[in-house]
Amino acid sequence: MSERIGFIGLGIMGSGMAQNLLKAGFELAVWNRTASKMEPLVESGATAADSPADLARRSDITVICVSDTPDVEAVLLSEDGVMHGVGAGDLVIDCSTISPIRTQELAKGLAEKGAHMLDAPVSGGSEGAAQGTLSIMVGGDEDQVARAMPVLEAMGRSITHVGGNGAGQMVKLVNQILVVNGMLALGEAFLFAQAGGLDLEKTFKAVEGGAAGSWALTYRGPQIIERDWRPGFMIDLQQKDLRLVLEAADEFGVPVLGCSTTFHLYRTLQSRGLGGEGNHALIKALEYLADMQVGTEAE
């Protein structure tokens, strides 16, 4: 526990991840653009930094968990960014989901200062962040992965080194392809069950333990039935990830029909102001098409 840890980005995911670092006994500094979000961490024993640069100066390992590529760039490259506080030998772990190509460029910039970078995007929703059971896919130097392992193990259960810088982000996009197609399958299945007059809870119990079982079904199926749209992962963020998938797929010449369909369905929900709802609210787009509603309570 000798290395000092800094954590930037205390949103739905980051706040739980940072709390788990404190629980694991790490000396932790935190920074967030909205300062009030640091208060629960400070109350739990963390120290509030004045800026990303200040946090990096206080830390041997800096963990970043923000929304998008421009946010990572701002945290790293702004006048008070991490680049201005990081020292030779320090390590930056980016748990955001961003462009794989930009990740490689940022890693090179840190290397010029003698620092290291791992891209370590996460999956598992707000539940996994709070419980410390995230899946973490890591790109970067093998020695730095070994160094980072105590930090990663405090936040996740499944940690896989998948290759060099950028590979973690590529594997995360593979993950998101599976996630969004799973959400589309959930929506179609529950709408079909509703139209057929089935009891949704009994149907859920009947299929959960079989070949159709999945994380999405177990955690998001009950939310759909109860019409609980609180986000484990917001539609707006899912769309950001889908854009990265579609851009890469276009470059590779790979057909991603399910992702394209889901992207446009989510877009209709965003146009109705629903971008802050959970990604399982995809079913609402299908409900609008079918002119019917799934679940036990009308909205």
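The values are calculated or read from the model by the stated rules, or taken from the named source; none is laboratory data. What you see is a predicted model, and the numbers here were worked out from it, not measured in a lab. All Cβ positions, even for glycine, are placed from backbone atoms using ideal geometry, and neighbour counts span all protein chains on display. In case anyone asks, the SASA skips ligands and DNA or RNA and just uses the protein heavy atoms, side chains included. Shrake-Rupley method; radii C 1.70, N 1.55, O 1.52, S 1.80 Å.
Miscellaneous remarks
- The range 149-191: number of residues that are polar (S, T, N, Q), touching a Leu at 6+ places or on another chain (Cβ under 9 Å) and not in a strand (DSSP E or B): 3
- Checking the stated criteria, T262 turns out to be crowded, with 19+ Cβ neighbours inside 10 Å and within 20 Å of the chain's Cα centre (by Cα).
- Selected residue [aliphatic (A, V, I, L, M), open to solvent by 60 Å² or more (accessible area, probe 1.4 Å) and farther than 27 Å from R58 by Cβ] from A189, A195, A167: A195
- Single residue of the range 31-53 satisfying the filter (under 15 Å from R4 (Cα atoms) and not hydrophobic (A, V, I, L, M, F, W, C)) that is surrounded by the fewest Cβ atoms within 10 Å (Cβ to Cβ): G45
- Test: A53 is assigned to a helix (DSSP H, G or I) and among the hydrophobic types (A, V, I, L, M, F, W, C): yes
- Any chance L217 is part of a helix (DSSP H, G or I), open to solvent by less than 20 Å² (accessible area, probe 1.4 Å) and touching a residue at least 60 places away in the same chain (Cβ under 8 Å): no
- Check on E247, closer than 17 Å to P100 by Cβ, over 17 Å from the mean Cα position of the chain (by Cα) and open to solvent by 10 Å² or more (accessible area, probe 1.4 Å): yes
- One residue alone among V254, V207 is in a helix (DSSP H, G or I), on the phi < 0 side of the Ramachandran plot and of a type in the set (V, I, T), and that residue is V207.
- Listed by position, the strands (runs of 3 or more DSSP E) inside the range 63-148 whose residues that are open to solvent by 10 Å² or more (accessible area, probe 1.4 Å) number at least 1 are 116-119, 134-139.
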